[in-house]
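Worksheet: the structure to be examined is printed underneath.
The values are calculated or read from the model by the stated rules, or taken from the named source; none is laboratory data. In this text the structure is predicted, and so the values were computed from the model without any measurement. Methodologically, a virtual Cβ is constructed for each residue, glycine included, from the backbone with ideal geometry; neighbour enumeration extends over all protein chains shown. Areas reflect the complete protein model, heavy atoms only, side chains present, ligands, DNA and RNA absent. Shrake-Rupley method; radii C 1.70, N 1.55, O 1.52, S 1.80 Å.
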Amino acid sequence: VVVADNRTKQWAFDFKVNGTVRALAWSPDSRYLLASGGDSQVYTWDLRASRCRACWNNDGGTPTSSMAVSPPMATSGLVGAGGGKEAFTAIGAESGVVNLYSYGAGTAGPDSVRPSPRRAIMSLTTPVETLKFNPDGQILAMVSFTYFSRLGSHHSTTPHHVIHYRHYHTRTNP
């Protein structure tokens with residue numbers, strides 16, 4: 001992974017990963033860069049220290065197809081949360097599964113070697129091409145373009161709440 005300076009457009013540094021890189025995600029504060037790919041390993045790079053902070057396997061072991069990191073949000077009163085600040089790393093796989101990992105506000109992903117997803121969303125059956133959190137981090141949009149285009153939304157702080165939208169391609173409706 002090659003990182004260039006935004007102002008000078010020059011090479012700043014690069015990071016090595018063990019497999020092919022298929023997905024990248026910046027932390028909301030741009031301090032961390034997450035990379036994952038064909039081997040389902042997720043790397044959390046600390047850009048200030050220019051080192052790998054954590055490396056762990058996405059649960060399920062299928063190749064990663066997309067990632068997103070939510071901004072920290074207050075968790076007091078949320079289902080399953082103990083208060084304070086919490087955020088999520090969403091990792092979409094080619095199998096259609098999206099794993100939501102919970103982490104504290106000071107990091108961009110789980111620091112443990114074997115993290116467990118807080119939730120596995122198994123509503124899509126085709127590769128997840130795009131994941132995006134809304135600005136406050138409570139809603140996750142999931143998109144799959146394979147076969148029939150599908151858009152799903154998931155409320156990240158309540159369990160089992162997924163809404164699907166389907167768009168079937170026709171000759172008159174691309």
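Once phi is turned into θ = phi - 60°, what whole-Hz ³J(HN,Hα) does the Karplus curve with 6.51, -1.76 and 1.60 give for every residue of the stretch 26-32, x standing for Gly and Pro?
Listing the rounded values in order: 8, 6, x, 8, 6, 7, 10 Hz.
Which lysines does Lys85 reach when only Cα atoms under 27 Å apart count, and residues fewer than 8 places away in its own chain are ignored?
Lys132
So how strong a dipole does the stretch 10-55 carry about its Cα centre when Lys and Arg Cβ are +1 and Asp and Glu Cβ are -1, to the nearest 20 debye?
Dipole size: approximately 80 debye.
With the crude spin-label approximation of a point 7 Å out along Cα→Cβ, what separation in nm comes out for Ala12 versus Ser50?
Placing both labels 7 Å beyond Cα along the Cβ direction yields 1.2 nm.
What is the percent carbon and sulfur in the accessible area of the stretch 5-61, measuring with a 1.4 Å probe over the protein chains and ignoring ligands?
Result for the stretch 5-61: 45 percent of the exposed heavy-atom area is carbon or sulfur.
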